């Protein structure tokens, strides 16, 4: 659609000009008798000649302009347009030279030749325009220009041959004193009809090039008006003849404007717009090169250049604060980049609201910020600022239907105390940031001892990325004994890592790294699928059905497609849902709204839900009635002190009693002594697991020793029963 807003001034001026022309025409038409010969009969030849010269100049300009641009735009249509107006120019010259009153040219000047030259040119213009419209546009060779531009000479010579034959071939078109003949009027009406056809064709294509077609339509209207005037004037002194020439000149001027606009003005405007766009793109590219696209904060390149420029100007103490966003990687892996990006953006806004404008806040990578402070009076100032930054994070982030929380781990490196180099300052601040999560305040200043520890941790994180692909991770299974039947009916799947160089890596070391980096998502899915496959493998080997317990991380629980993933795994492994138990930690229950929804969906699959490490984390206990929980697992820290610590004993009794009233199963972890088992057996605990029966073992060992494990368990239970008799 035409952009009327930007082209409105042009359209308005064009319409105003046409309205003025039509009003002028009406005034002249009503008073044509009064204006007859108004300019003096002796002056009409000169006036006519001036008008014709202007028409020739305009049409010749169109032809020359088309010729000059043709080497760059080798279009057959463009060349035919130029050849058409060159032909018209030649015929118009002949018309001017043969006009009545002009000096001798081949023969005495009479209306006969002049009128026929005009009519040849007029018909040629309409017929040629239609021809050019209907031919298929294609690219032509440079040499074809000469052939096409030779046609005007052939056509003009042919007109001269016909009109100056010894015996007149054509009848006259104008009779002095009487005006145009019927033949002339008929030819003029044919020209009008052809011009109206051209207008219809132009209107059909109006949307393709509105401004150009608007000019062409205006030209057509002026040509039609001139045609009408040329059918009703009496002789050369009639004012209608003069006005007809003015309209004809106006028509060619508009034609010239249309061609000039399409071939020169419009390409130039496009070039200017392109240059402006390129300049704007350069500015945007420069901004993007030095700013983070999520937060629009300065990025690492900007920070490094600022440090190189400003760090050594003054001798005052300066500081780099590295601010880590806890759980952002897990949120990204579970909920997706959109949620993570929105949260990062909101965190950036909160940080900016606290930091003074003179401090430089930058976004480095996707999960931490850096603050450059160019003047530090004392370390207490930095501690207070860090506490303020942490304080604004306490309010929950509401992102769509999720309520998300996060904490900041802040590491601080000082210039010149810790380093004189900008790269080291940033790296040392990051080291301190990684270690800050181990401190209660989550704020830590850099110390030289941190470099080795942090380097080792980062190397371990890097190796963990490849551990899954390199099959370095494996599962062990710890049997769980049903105290009512004395049978092993379930096992807990536990992930292990055998590093190719560093050997066995404790889960207590690599699991937190996996959770912080987001790797817990793919690792958790692998554990789930591997455990389900193993249960089916044991069943195929002849073991009775065994339920497998798999731990879910907080990151997994926030995966939008977690339910679909588990459903897919169950279908893929053909494991009945009742033989899969999903375990959550008590600290996860703080996200009560989301957990309620997701656990009900998981429960609908047919799996069982257990709360691991019960009693050690956050708990309002209200979740026990809201969540579809089947089982509570008593943490090993309570069980191990069950004989020596009365508080732990009371807690175990309370958990067992509460579970009984809520009709929940109870699993006690960490059973290592017979006395512990005896107490739990007497307290009617449902299931136990621990080293007393078996440590976590590879799947093949459990298969081979399944009966032996049962026999050992039976002997232990029998000994307890015998001791009570």
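Residue count for the stretch 665-695 under the criterion of being outside any loop (DSSP other than H, G, I, E, B) and on the phi > 0 side of the Ramachandran plot: the result is 0. What is the residue count in the stretch 671-682 for residues that are surrounded by fewer than 20 Cβ atoms within 10 Å (Cβ to Cβ) and touching a strand residue (DSSP E or B) at 6+ places or on another chain (Cβ under 9 Å)? Selection size over the stretch 671-682: 1. I'd like the full set of residues that are surrounded by 22 or more Cβ atoms within 10 Å (Cβ to Cβ) and farther than 29 Å from residue 606 by Cα, limited to the stretch 621-651. Selection gives 638, 639, 642.
In this structure, is residue 87 closer than 30 Å to residue 179 by Cα, crowded, with 21+ Cβ neighbours inside 10 Å, touching a strand residue (DSSP E or B) at 6+ places or on another chain (Cβ under 6 Å) and in contact (Cβ under 8 Å) with a residue 60 or more places away in the chain? Against the criterion (closer than 30 Å to residue 179 by Cα, crowded, with 21+ Cβ neighbours inside 10 Å, touching a strand residue (DSSP E or B) at 6+ places or on another chain (Cβ under 6 Å) and in contact (Cβ under 8 Å) with a residue 60 or more places away in the chain), residue 87 does not qualify. Going residue by residue through the stretch 117-133, is there one that turns out to be assigned to a helix (DSSP H, G or I), out of contact with any helix residue (DSSP H, G or I) (no Cβ under 7 Å at 6 or more places or on another chain), surrounded by 18 or more Cβ atoms within 10 Å (Cβ to Cβ) and assigned by TED's automatic domain parsing to the domain that holds residue 219? No, the stretch 117-133 has no match at all.
The rows are residues; the columns are (1) in the same structural domain as residue 647 (by TED's automatic domain parsing); (2) modelled with pLDDT of 95 or more; (3) closer than 11 Å to residue 628 by Cα; (4) not in a helix (DSSP H, G or I).
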| site | (1), (2), (3), (4) |
| --- | --- |
| 566 | yes, no, no, no |
| 598 | yes, no, yes, no |
| 602 | yes, no, yes, no |
| 613 | yes, no, no, yes |
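Report whether or not residue 434 is modelled with pLDDT under 85 and surrounded by 18 or more Cβ atoms within 10 Å (Cβ to Cβ). Answer is yes for this residue. Tell me the residue from 223, 201, 187, 217 that is in a helix (DSSP H, G or I) and free of Cβ contacts under 8 Å to residues at least 24 places away in the same chain, please. None of the others qualify; the one that does is 217.
Results for (1) farther than 30 Å from residue 102 by Cα; (2) buried (at least 19 other Cβ atoms within 10 Å of the Cβ); (3) assigned by TED's automatic domain parsing to the domain that holds residue 172, shown as yes or no for each residue.
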{"site": "188", "(1), (2), (3)": "no, yes, yes"}
{"site": "198", "(1), (2), (3)": "yes, yes, yes"}
{"site": "210", "(1), (2), (3)": "yes, no, yes"}
{"site": "214", "(1), (2), (3)": "yes, yes, yes"}
{"site": "219", "(1), (2), (3)": "no, yes, yes"}
{"site": "222", "(1), (2), (3)": "no, yes, yes"}
{"site": "230", "(1), (2), (3)": "no, yes, yes"}
{"site": "238", "(1), (2), (3)": "no, yes, yes"}
{"site": "244", "(1), (2), (3)": "no, yes, yes"}
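Only residues that are touching a strand residue (DSSP E or B) at 6+ places or on another chain (Cβ under 9 Å), crowded, with 22+ Cβ neighbours inside 10 Å and in a helix (DSSP H, G or I) were counted across the stretch 535-558, and they come to 1.
Pairs are defined by a Cβ separation below 9 Å, a sequence spacing of at least 6 or placement on different chains, a first member in the stretch 94-113 that is on the phi > 0 side of the Ramachandran plot, and a second member that is in a loop (DSSP other than H, G, I, E, B); the pairs so defined are 101/109; 101/236; 106/98; 106/164.
Conditions (1) at pLDDT below 75; (2) assigned by TED's automatic domain parsing to the domain that holds residue 243; (3) assigned to a helix (DSSP H, G or I); (4) surrounded by fewer than 17 Cβ atoms within 10 Å (Cβ to Cβ), marked per residue:
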| position | (1), (2), (3), (4) |
| --- | --- |
| 2 | yes, no, no, yes |
| 13 | yes, no, yes, yes |
| 26 | yes, no, yes, yes |
| 47 | yes, yes, yes, yes |
| 55 | no, yes, yes, no |
| 66 | no, yes, yes, no |
| 72 | yes, yes, no, yes |
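For the stretch 685-717, a residue qualifies if it is touching a helix residue (DSSP H, G or I) at 6+ places or on another chain (Cβ under 7 Å) and under 26 Å from residue 659 (Cα atoms), and the qualifying residues are 685, 688, 692, 693, 694, 716.
Looking across the stretch 303-347, the residues that are surrounded by fewer than 14 Cβ atoms within 10 Å (Cβ to Cβ) and more than 13 Å from residue 404 (Cβ to Cβ) come down to 305, 308, 309, 312, 313, 314, 315, 316, 337.
Residues checked against (1) outside the structural domain of residue 495 (by TED's automatic domain parsing); (2) at pLDDT below 90; (3) more than 26 Å from residue 637 (Cβ to Cβ):
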site: 683; (1), (2), (3): no, yes, no
site: 687; (1), (2), (3): no, no, no
site: 690; (1), (2), (3): no, no, no
site: 694; (1), (2), (3): no, no, no
site: 699; (1), (2), (3): no, no, yes
site: 704; (1), (2), (3): no, no, yes
site: 708; (1), (2), (3): no, no, yes
site: 718; (1), (2), (3): no, yes, yes
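Scanning the stretch 134-150 for residues that are assigned to a loop (DSSP other than H, G, I, E, B) and either free of Cβ contacts under 8 Å to residues at least 40 places away in the same chain or out of contact with any helix residue (DSSP H, G or I) (no Cβ under 6 Å at 6 or more places or on another chain) (or both) yields 135, 136, 141, 142, 143, 150. Scanning the stretch 362-404 for residues that are surrounded by 14 or more Cβ atoms within 10 Å (Cβ to Cβ), touching a residue at least 60 places away in the same chain (Cβ under 8 Å) and touching a strand residue (DSSP E or B) at 6+ places or on another chain (Cβ under 8 Å) yields a count of 16.
Scanning the stretch 329-361 for residues being within 20 Å of the chain's Cα centre (by Cα) and in contact (Cβ under 8 Å) with a residue 24 or more places away in the chain gives a total of 12.
The values are calculated or read from the model by the stated rules, or taken from the named source; none is laboratory data. Keep in mind that what you see is a predicted model, and the values were worked out from it rather than measured. Cβ atoms come from the backbone with ideal geometry, glycine included; neighbour counts cover every protein chain shown.
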